[in-house]
Structure formats: C-alpha cells, structure tokens
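To start, the structure under review is shown below, and the notes come after it.
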Amino acid sequence: MQRALVVVEGTESTKELVREAGELAEGVGAELFLLHVTTEEQFSEYATSMADIPERNVGYGGKRAREGARRFAEDIGTEMFEGLDVEYEAVGMLGDKEEQILELAHERDCDHIFISGRKRSPTGKALFGDLAQSVLLKFDGTVTIRTD
C-alpha cells in the first residue's frame with residue numbers, strides 16, 4: 001500500500017476504520033486521503049434550510065458544501081489519528097458518492113480504498129444497491145470493507 005483513500009462518514013464503525021487505516025499507513029509509510037462526500041440531496045436540504053432563516057443572509061453553494069465536507073474529514077482525522085505519526089490530506093466533494101470516490105482514487109493514484117459497508121443479504125444488495133460492493137467491483141485495487 002502506497003496511497004490509500006479512506007471514505008469518511010460520521011459512524012463509530014467508520015471512525016474505527018479511519019483509525020485502522022491510519023495505523024496501517026503509519027506502519028508502511030503510505031499516503032492517506034480522507035474523503036467525505038456531500039450528496040446532492042444533502043446539499044439541497046441544507047441549502048433550503050439555510051435559505052429559510054430570514055435574519056441570515058448566508059448563501060450555501062457548492063464551494064461551501066465541499067469545504068464543509070473537507071473540514072468534517074479533517075476533524076475525523078484529527079480525532080482518530082491522535083498518537084499516530086501519519087500524514088493525510090482531507091478532501092471534501094459534492095455529488096454522487098460512488099463517482100466521487102472512484103474519481104478521487106484515480107486522480108490520486110490510490111492503490112487501496114477503505115470503506116464502511118452494511119451487512120445485507122444478496123437480495124438486499126440487488127434491490128437497494130450497496131456503495132461498498134459497487135466500489136469493490138469497479139476499483140482496480142484493494143478494497144477493505146468494514147461492516148457495522
């Protein structure tokens with residue numbers, strides 16, 4: 001492992017995955033990228049709620065959404081890498097999670113992706129889709145999936 005991408009969410013399972021990726025990266029001297037993706041749906045909901053506050057004249061655009069996502073990833077890294085000697089870059093993106101994960105992994109020439117998944121039956125995956133499974137099938141490298 002030389003460069004790894006860790007998909008960051010707010011769950012305890014994901015935080016543990018971030019810590020494990022950091023420990024592994026520290027051991028092999030790998031570069032880490034922590035990515036949090038804000039979906040279009042989340043962006044739209046937040047932008048609408050911000051617009052509903054009459055006394056605040058604050059716009060919420062794509063740039064602010066990406067920066068908020070980056071700060072979220074940065075905060076998780078700061079918390080979970082305490083005591084480790086690992087350098088990382090936090091990245092925030094806006095859009096479809098699968099597309100953004102695969103795009104960043106390709107752009108940064110990552111050879112490993114760490115992602116949290118859900119325990120689902122094969123039928124559940126077929127009916128509802130599964131982000132981790134989709135990334136696993138489409139990424140040309142190692143994928144570590146941690147299930148809740």
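Here are the numbers for this structure:
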| read-out | value |
| --- | --- |
| Interchain or long-range residues, amide H under 5 Å from Thr144's placed H | Ile113, Phe114, Ile115 |
| Long-range HN-HN contacts of Thr39 with modeled amide H, under 5 Å | Gly95 |
| Per-residue HN-Hα couplings for region 20-33 [Karplus 6.51, -1.76, 1.60; θ = phi - 60°; Hz; x = Gly/Pro] | 4, 5, x, 5, 5, 4, 4, x, 10, x, 8, 7, 10, 10 |
| In sequence order, calculated HN-Hα J values of region 87-96 (Karplus, 6.51, -1.76, 1.60; Hz; x Gly/Pro) | 9, 8, 10, 8, 10, x, 9, 10, x, 6 |
| Computed FRET value (nearest 0.05) for Glu40 with Thr142, which takes r as the C-beta separation and R₀ as 41 Å | 0.90 |
| J(HN,Hα) series, region 133-139, from Karplus relation 6.51 cos²θ - 1.76 cosθ + 1.60, nearest Hz, glycine and proline x | 5, 5, 5, 4, 6, 9, 8 |
| Partners for Lys15 among aspartates and glutamates (Cα-Cα distance below 14 Å; same-chain residues under 8 apart left out) | Glu23, Glu74, Asp75, Glu79, Glu82, Asp148 |
| Using a Förster distance of 25 Å, the FRET efficiency for Glu16-Glu87 (Cβ separation, nearest 0.05) | 0.80 |
| Computed FRET value (nearest 0.05) for Glu79 with Arg108, which takes r as the C-beta separation and R₀ as 25 Å | 0.65 |
| Extension reserve of the Glu99-Arg71 stretch, reckoned as 0.36 nm per residue once the Cα distance is removed | 8.0 nm |
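Each reported figure results from applying straightforward, stated rules to the coordinates on display, with no laboratory input. Keep in mind that this is a model prediction, so the values were computed, not measured. Cβ sites come from the backbone with ideal geometry, for glycine too, and all protein chains shown count toward neighbours.
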